[in-house]
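Asker: Next up is a structure, given as structure tokens.
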Amino acid sequence: MNKINLFAALLALSVCPVLSAVTIDNSSLIPKIKPDSEVLMEKSADGKTEVPDWVKSLVIVEVRIDSASSDGTVKGLTGTLDHLAEMGVNGIWLTPPINGGNGYGNFGIHTISARLTGETEPVRQWEALRNFMEEAHKRNIRVFFDVVNWGATKHEGGSKLLKDKPEWFGEYFAPYAGWLYNWNNPELNEWFSSRLVEWFLMTGVDGFRCDCAPQYSGFGPFETAKKRMRNFGRKVIFIAEWTSSGKNVFDLDQLTFCYEDAKGKRRTHWVGDVYLKTNIVDMIRSGEELHAYDDMKREPGRKRFYSYMLSCHDSERYAVNGDPIAIGYQAIFAPFLPLWYLGEEWNNPSRFFVDFYYKRDKLRTPEKWRLYANEIDRTALEKNRDFFELVKKMIRIRRQYPDLFEYFPDDHRNSNICKVTTDRAGLLQAYARFRNGRAVLIVPNNGSTPERLRITIPYREAGLDAKKSYEVVDLLADTILTRGTPAAFEADIPVGTLGVYLIAPAGK
């Protein structure tokens, strides 16, 4: 059996122990998907931006179709959808582009992949995609297709488009094995926008992750498509790959960080480990490294939404590797929209393979070190069951306290986060997420030994009333630690993990 289908085959087996040993099921906590007519558009105070109200609840996982499907197509992804729903994830970013088909190839937005849909006739291809959308929405999971804006490869539809519309293209770009679009051509812009609208209307997809955007195309074709979809009553979103100024076109960016190095070159992080090395509260408050790639002069950290990307198909490795701090402290509990590549949640091993389709079609051999070429091994989930259950527990907490974890002010630097002090120096900065007279304290122990920490409650900083009586609840253990108005409390935190503590008015 091709390694790429190992995960898929296990999903298909009715006797698979992974599917029968569920302890935590977060599917009922996922916010219900409402008809677009009932979705509220949340506007910024200055009225310059607006986003659908469901964006703030997103937890997104990137899924490569042919490595996570029982048959290599969207038809075989129901097991993966069940897995995501169980976890409490409500956003799936599908790769590669549905209009590609060979590795991460791109034949043009006007094409549909027979390999990824399992169909050769356009009518049946659209039907397969709509059926997948229905299955995802049944589980309250939003779907984001991948769309490429740099150009088209030299195979199949890409070559035909070049022949029919040579004026739409510029130079041949060897690293992408295709021709770059000439975005100065108005006809190309209109065609691309119209095709995006077609995809929205024909499939019901919730949005697109826009490869390379806002590079190459700029904002224009996506802005046009979004305006048309608003006129149709559809409240869809666009996710840029690179950090962007948004401009009410891109609602979210895949990449979180952008900064200039000592030589003035723009850089980013493809593996999410920034807050394991720095002070998370100080960086959020200052907006440090939250620059827009297309406008480095723009004050950093000013947007409402930022993802925290732990990993993606372009990452050299997984970021988490079974570390609760890496996924919980940085992404699940921090004031970001979490995003990672399938497998982070169960410590999927790194075992790379060369894609069969690259070899068959004589395309560029994929870099073996990228996660896109990594085997998805579901058997590792059962071996790492305890870690997977802990991840689900952390997502469950995020879902149970949406007023704290789904609060995103217009300016990210004003996020509801403050420092928490402990009696142990040298550990990562503990922090609190607070609002409405409650707080959840996130206390990591990234040291080398288990610790019994004395944790000071940040009454003033978290807007808590020091004269009231509170309960301190260990949310991971579901136990009450103390009641009253303690200045601090003590808790045992094992090495390499974190404590999560609710401070709430007693009796409520």
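Asker: Only one residue in SER67, SER28 is in a helix (DSSP H, G or I), farther than 16 Å from ARG142 by Cβ and free of Cβ contacts under 8 Å to residues at least 60 places away in the same chain, so which one is that?
Answerer: SER28
Asker: Please state which one of GLY91, GLY47 is touching a residue at least 40 places away in the same chain (Cβ under 8 Å) and either touching a strand residue (DSSP E or B) at 6+ places or on another chain (Cβ under 7 Å) or of a type outside the set (A, V, I, L, M) (or both).
Answerer: Result: GLY91 is the single residue among GLY91, GLY47 that is touching a residue at least 40 places away in the same chain (Cβ under 8 Å) and either touching a strand residue (DSSP E or B) at 6+ places or on another chain (Cβ under 7 Å) or of a type outside the set (A, V, I, L, M) (or both).
Asker: So, in region 139-191, of the ones that are of a type in the set (Gly, Ala, Ser) and touching a strand residue (DSSP E or B) at 6+ places or on another chain (Cβ under 7 Å), which residue ends up farthest from LEU81 (Cα to Cα)?
Answerer: Residue satisfying both the conditions and the ranking: GLY170.
Asker: Take region 123-153 and flag every residue that is modelled with pLDDT under 95 and farther than 21 Å from ALA213 by Cα.
Answerer: Passing the criteria: none in range.
Asker: For region 444-467, which positions are of a type outside the set (S, T, N, Q), in a loop (DSSP other than H, G, I, E, B) and in contact with a Gly (Cβ under 8 Å, 6 or more places away or on another chain)? Walk me through it before giving the result.
Answerer: Restricting attention to region 444-467, the residues satisfying the condition of being of a type outside the set (S, T, N, Q) are 444, 447, 450-455, 457-467.
Subset that is in a loop (DSSP other than H, G, I, E, B): 447, 450, 457-467.
Hits for region 444-467 are GLY447, GLY463, LEU464, ASP465.
Asker: Here is a further query. So in region 347-396, with the set limited to residues that are hydroxyl-bearing (Ser, Thr, Tyr), open to solvent by 50 Å² or more (accessible area, probe 1.4 Å) and under 24 Å from the mean Cα position of the chain (by Cα), which one is modelled with the highest pLDDT?
Answerer: THR379
Asker: Still on this structure: When the residues of region 306-315 are narrowed to those that are open to solvent by less than 10 Å² (accessible area, probe 1.4 Å) and at pLDDT 95 or above, which ends up nearest to GLU50 (Cα to Cα)?
Answerer: That would be SER307.
Asker: Moving on to the next point. Of these, GLY100, GLY105, GLY158, which one is in a loop (DSSP other than H, G, I, E, B), at pLDDT below 95, farther than 17 Å from THR203 by Cβ and among the small types (Gly, Ala, Ser)? Reasoning before the result, please.
Answerer: Numbers: GLY100 fails: farther than 17 Å from THR203 by Cβ; GLY158 fails: in a loop (DSSP other than H, G, I, E, B).
After ruling out the rest, the residue left standing is GLY105.
Asker: Might you let me know whether region 452-469 holds any residue that is of a type outside the set (A, V, I, L, M), crowded, with 19+ Cβ neighbours inside 10 Å and in contact with a Lys or Arg (Cβ under 8 Å, 6 or more places away or on another chain)?
Answerer: The answer is yes, given that some residue of region 452-469 is of a type outside the set (A, V, I, L, M), crowded, with 19+ Cβ neighbours inside 10 Å and in contact with a Lys or Arg (Cβ under 8 Å, 6 or more places away or on another chain).
Asker: Taking ASP261 as the residue in question, decide whether it is touching a strand residue (DSSP E or B) at 6+ places or on another chain (Cβ under 7 Å), free of Cβ contacts under 8 Å to residues at least 12 places away in the same chain and either crowded, with 21+ Cβ neighbours inside 10 Å or of a type in the set (Asp, Glu) (or both).
Answerer: In short, yes.
Asker: Can you tell me which residue is nearest to TYR459 (Cα to Cα) among those in region 492-508 that are free of Cβ contacts under 8 Å to residues at least 60 places away in the same chain and under 32 Å from the mean Cα position of the chain (by Cα)?
Answerer: My answer is GLY499.
The values are calculated or read from the model by the stated rules, or taken from the named source; none is laboratory data. This structure is a prediction, so every number in the text was calculated from the model and none was measured. So basically every Cβ, Gly included, is an ideal-geometry build from the backbone, and we count neighbours across all protein chains shown. Side chains included, ligands, DNA and RNA excluded: accessible areas come from the protein's heavy atoms. Shrake-Rupley method; radii C 1.70, N 1.55, O 1.52, S 1.80 Å.
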